[in-house]
Amino acid sequence: MAACQVRLEQALDQFLPAATTHPSGLHEAMRYAVLDGGKRIRPTLVYAGGMATGAAQARLDIPACAVELIHAYSLVHDDLPAMDDDDLRRGKPSCHRAFGDAHAILAGDALQSLAFQILAQNKSQDTDAATRLQMIRTLAQASGSRGMAGGQAIDLAATGQQLNIAELEDMHIHKTGALIRASVVLGAMCGNDVDSVQLGRLDHYAKCIGLAFQIRDDILDVEGVTETLGKHTGMDQHREKSTYPAIIGLDAARERAWELHADAIDSLTGFGENADPLRWISAYIIERER
């Protein structure tokens, strides 16, 4: 994971415009929101999905960066006063606190478009045009109204309401799970002779860990430490949001996360040791402290 983080940071630094490039204020905000922070779970899943299907690492840099740019844009917009109104992100002031609301909105917009630009234009990934088009379609759907943005809309509409567990899981399949699923699939698309059965198993793996990731986030919001998390804890209860611990309790939430982990590992049956990073990431997701 550390090796993926180093590789990703170097690639992101290359693809992001320099802070001195006109308009410098916007580019400075973009780099602030992306570089030097975060767990990089999603791009790590791109690399791990590619490793499981025999993809060369060099082919994975661009989809890994594209996924992280989408994720970073979503965090910038989520933190805005009109959304979650968070002052702290990745252990530092959120983008709108550092650069103002207007620059934060524009930075998020620009990061989103940059993700698709690098997928469409950069040929260094040595991926044929049809596959690249499929990758763009996959990331666009995961980011839009039927994915991450739609999940955020469901979340906003549900604030102050008591969801049942099926409604909660539906929200998080969209809000958190869609981009995680896209990350694994994008990596796998860069592999060698990947068939629909393999893609289906990897997609199911990603669906399981996407829900497990959100359950662990909900648990950490209850019992985590702000300094470790890099964001304020207790905000879900403050905003009257439905969460797994609030609906089924902390112990049942932990049990559900372990069930999803077991299901994720089972879906990797038939993949060899090249899929070990995916197996490790699944365990990491439900045991992490940040």
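The values are calculated or read from the model by the stated rules, or taken from the named source; none is laboratory data. All of these numbers come straight from a predicted model, not from anything done at the bench. Backbone-built Cβ (ideal geometry, glycine too); neighbour counts: all protein chains shown. Surface accessibility is based on the protein's heavy atoms, side chains included, excluding ligands, DNA and RNA. Shrake-Rupley method; radii C 1.70, N 1.55, O 1.52, S 1.80 Å.
General remarks:
- Flag for L199 being assigned to a helix (DSSP H, G or I), buried (at least 20 other Cβ atoms within 10 Å of the Cβ) and either modelled with pLDDT of 80 or more or touching a strand residue (DSSP E or B) at 6+ places or on another chain (Cβ under 6 Å) (or both): no
- Residue identified as open to solvent by less than 60 Å² (accessible area, probe 1.4 Å) and without any contact (Cβ under 8 Å) to a residue 40 or more places away in the chain among A18, A33, A48, A11: A18
- Filter result (of a type outside the set (A, V, I, L, M, F, W, C) and either farther than 30 Å from L60 by Cα or modelled with pLDDT of 95 or more (or both)) within the range 95-133: H96, R97, G100, D101, H103, G108, D109, Q112, S113, Q117
- Whichever residue in the range 183-196 is farther than 24 Å from M171 by Cα, assigned to a helix (DSSP H, G or I) and in contact (Cβ under 8 Å) with a residue 24 or more places away in the chain and, among such residues, is most open to solvent (accessible area, probe 1.4 Å): M189
- Index of the failed condition, P63 passing every other in (1) more than 17 Å from I281 (Cα to Cα); (2) open to solvent by 10 Å² or more (accessible area, probe 1.4 Å); (3) in a helix (DSSP H, G or I): (2)
- Applying the set (1) under 18 Å from A48 (Cα atoms); (2) open to solvent by less than 60 Å² (accessible area, probe 1.4 Å); (3) not aromatic (F, W, Y) to T243 leaves exactly one unmet item: (1).
- Test for Y73: is it open to solvent by less than 10 Å² (accessible area, probe 1.4 Å), outside any strand (DSSP E or B) and either under 24 Å from V185 (Cα atoms) or basic (K, R) (or both): no
- Helices (runs of 4 or more DSSP H) wholly inside the range 94-151 containing at least 3 residues that are hydrophobic (A, V, I, L, M, F, W, C) and within 16 Å of L186 (Cβ to Cβ): 101-121, 129-143
- In the range 113-148, the residues that are among the hydrophobic types (A, V, I, L, M, F, W, C) and surrounded by fewer than 18 Cβ atoms within 10 Å (Cβ to Cβ): F116, A120, A129, A130, L133, I136, A140
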